[in-house]
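Inspection log for the structure reproduced underneath, given as structure tokens.
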Amino acid sequence: IVTTEGSHAVSVHGELELDGHRIPYHLVPDEGFLGKSGKWRKLSPEDRLALVKERWNEAARLKLEALLAACAREVFAVDGIDPLRALSAFMAKYERAKVRCTIALDRVAAARGRQTADKAAAKTRDAVNLSRYPESFATAYAMQRHFIAVLGPTNSGKTHAAMEHLQKAKSGVYLAPLRLLALENYTRLQEAGVAVSLITGEQRKLHPDATHVASTVEMLNPERQVEVAVIDEIQLLDDPDRGAAWTAAVCGVPAQTIYLVGAPESREAIESLVARVGGTLEVRTLERKTALQMDKAPLLSLKNLKPGDVLIAFSRREVLNWRDKVIEQGLSVSAIYGNLSPEVRQAQAERFVAGETQVVVATDAIGMGLNTPARR
């Protein structure tokens, strides 16, 4: 018995056998809801058992497995994907079966979309000569630029030195992958007394005498020369969807000193690109300041959440769903996801940092260097 969507429900697990494949599942049947939590608590043990038997029996099992099998057949019918990876969506203890079937099919659609995009990209690479791409950024190409790659894991302090140099520079630009990260460092520069503007796809705060700009990477101005540039999350050079923006930034940012801040695995790509672009390269590698440990046991239940924990989900709907579940446990919550305005997202993060909320529920955007000190 689990609590989900504000109700008690039967959560069942088993295994389908389909075309020689064994497909495990752990789901809430669509008919498996037992009523709101208050109503359930009032029932006697005998009435609870009778209700569970009414909701989960052989007929209910056959109906559930027929639904899952039909979904699985649709997944197996698609060529060129890993069907079992898509069908891992069936392992979701607190979720409705019908919802997880939709998610499995969404994963298939996304995989097919990626296949189409990869084919289109391959055709473009074959058709277009990019050998003179760096030289197309005339302002940057005419400069003698020095690149400093600061590479390290999360919590290694890699951004700190770069931002210190940026603050002291006569002019500069900070380029981020996320609006919230651009806003965070815009605020950081403001608090250091720097005249700075914020420019993202959805927001502009223009200082009339700005010497610095904090922006998302796609908003780079390749014509405005500056003393220092900081390009954050440089490992996204390799991202199939947005990597071109980081490539353009490295090729085109007209700065004397350019910090490339990110994960260690980006070193090879950085060295290759800087060699092509021209300029000098210095590589600094940092170690994590605090130990990162894997818990020896799974969380198992939201009852085991503690202040300082962060839950990561992968859609707005899931963030809101988990937020409600955490609130039911009596914990205060900050929720962070992409559709919130930048100011609201920043305020939610700041409430957690200040200790006003105990738990964060967020999308994976929080992994892009946002200042959210998580205990777990």
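The values are calculated or read from the model by the stated rules, or taken from the named source; none is laboratory data. If you're wondering where the values come from, they're calculated on a predicted model, not measured in any experiment. Note: ideal-geometry Cβ built from the backbone for every residue, glycine included; neighbour counts use all protein chains shown. The area values use the complete protein model at the heavy-atom level, side chains included, leaving out ligands, DNA and RNA. Shrake-Rupley method; radii C 1.70, N 1.55, O 1.52, S 1.80 Å.
A few remarks follow.
- Checking Ala161 against (1) hydrophobic (A, V, I, L, M, F, W, C); (2) modelled with pLDDT of 90 or more; (3) over 19 Å from Ala269 (Cβ atoms), the condition it does not meet: (2)
- Evaluating Ala104 against the criteria (1) buried (at least 18 other Cβ atoms within 10 Å of the Cβ); (2) part of a helix (DSSP H, G or I); (3) in contact with a strand residue (DSSP E or B) (Cβ under 8 Å, 6 or more places away or on another chain) leaves one unmet condition, (3).
- Residues of region 254-267 classified as under 26 Å from the mean Cα position of the chain (by Cα) and either open to solvent by 70 Å² or more (accessible area, probe 1.4 Å) or not small (Gly, Ala, Ser) (or both), total: 7
- Meets criteria (out of contact with any strand residue (DSSP E or B) (no Cβ under 9 Å at 6 or more places or on another chain) and over 30 Å from Ala142 (Cβ atoms)) for Lys306: no
- Residue that is farthest from Leu151 (Cα to Cα) [pool: residues in region 268-287 that are outside any strand (DSSP E or B) and open to solvent by 50 Å² or more (accessible area, probe 1.4 Å)]: Arg276
- Here Ser171 clears all of (1) open to solvent by less than 40 Å² (accessible area, probe 1.4 Å); (2) without any contact (Cβ under 8 Å) to a residue 24 or more places away in the chain except the condition numbered (2).
- Only one entry in Ala69, Ala89, Ala60 is in contact with a helix residue (DSSP H, G or I) (Cβ under 8 Å, 6 or more places away or on another chain), open to solvent by less than 60 Å² (accessible area, probe 1.4 Å), in contact (Cβ under 8 Å) with a residue 12 or more places away in the chain and part of a helix (DSSP H, G or I), namely Ala89.
- Just one of the listed residues (Ala214, Ala182, Ala162) is open to solvent by less than 10 Å² (accessible area, probe 1.4 Å), assigned to a strand (DSSP E or B) and either farther than 15 Å from Val261 by Cβ or of a type in the set (A, V, I, L, M, F, W, C) (or both), namely Ala214.
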